[in-house]
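First the structure, in the form of structure tokens, and then the observations on it.
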Amino acid sequence: MLVRILYVSRAAGPQTGTVTANILAAAQAYNSAHGVSGVLCQGQGLYLQVLEGERGEVNRLYAHLLQDRRHHDVQMLAFDEIGQRRYPDWSMAHVSLPDDDAMIRMQHPEFDPYSATGAFVLQLVDELLAGGHRITAPAK
Ligand SMILES: Cc1cc2nc3c(=O)[nH]c(=O)nc-3n(C[C@H](O)[C@H](O)[C@H](O)COP(=O)(O)O)c2cc1C
């Protein structure tokens, strides 16, 4: 059974290139070995991550992520059983959300993932991906 999780969290420290590179390296190796695909959006002190795969795998990974001290205030925004993957080609795509992104600000001036619906945040993740906001992770 395939499921998809969407969560938001706050970065524990500055979201530097080194922190990001470390997270992505671990994510891409682990996820492709365990059939997990998804997207990690980061910026403005936040992480938004979509994880999809077999229910057991996704739950195991999520439980592990909760322990990671590089982020906190982890809140699950959506958990869905899915018929097919939304991001089959990404072991972990990475979208950077620059602090001064005028387009995002204009379209979503009051964006706060902690109070938005899961459906809305998922749509935003798709917009960011479609908008080509510095996607740096290779396909699986
Ligand atoms: C925001 C965020 C997203 C992460 N996403 C993943 C991921 O998709 N897959 C993964 O294996 N590790 C991910 N990690 C890293 C794991 O939390 C963990 O560091 C990694 O699995 C290595 O485990 P270990 O530190 O117990 O050796 C993420 C970490 C953070 C802070």
Only one of Ala27, Ala12 that is touching a residue at least 40 places away in the same chain (Cβ under 8 Å), within 13 Å of the ligand (Cβ to nearest atom), in contact with a His (Cβ under 8 Å, 6 or more places away or on another chain) and more than 16 Å from Gln123 (Cα to Cα): Ala12
One residue from Leu24, Leu77 being out of contact with any helix residue (DSSP H, G or I) (no Cβ under 9 Å at 6 or more places or on another chain) and surrounded by 15 or more Cβ atoms within 10 Å (Cβ to Cβ): Leu24
Residues located in the range 56-70, provided they are crowded, with 16+ Cβ neighbours inside 10 Å and either in contact (Cβ under 8 Å) with a residue 60 or more places away in the chain or not hydrophobic (A, V, I, L, M, F, W, C) (or both): Glu57, Tyr62
Conditions (1) within 15 Å of Val121 (Cα to Cα); (2) in a loop (DSSP other than H, G, I, E, B); (3) within 10 Å of the ligand (Cβ to nearest atom): number failed by Gln67: (1)
Near pairs, Cβ below 9 angstrom, 6+ apart or cross-chain, from the range 71-89 (within 25 Å of Thr16 (Cα to Cα) and touching a residue at least 60 places away in the same chain (Cβ under 8 Å)) to any residue that is buried (at least 16 other Cβ atoms within 10 Å of the Cβ) and among the polar types (S, T, N, Q): His71/Ser9; His72/Ser9; Asp73/Ser9; Val74/Ser9; Gln75/Ser9
Tally, over the range 11-52, of residues that are in a strand (DSSP E or B) and among the hydroxyl-bearing types (Ser, Thr, Tyr): 2
Gln42 of a type in the set (S, T, N, Q) and closer than 25 Å to Ala116 by Cβ: yes
Residue check for Val39: crowded, with 20+ Cβ neighbours inside 10 Å, touching a strand residue (DSSP E or B) at 6+ places or on another chain (Cβ under 9 Å) and within 14 Å of Leu6 (Cβ to Cβ): yes
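None of the figures in this text is laboratory data; all of them are computed from the coordinates on show. Every value quoted in this text rests on a predicted model; they were computed, and no experiment measured them. A quick note on method: Cβ atoms are made from the backbone with ideal geometry, for glycine too, and the neighbour counts reach across all protein chains shown.
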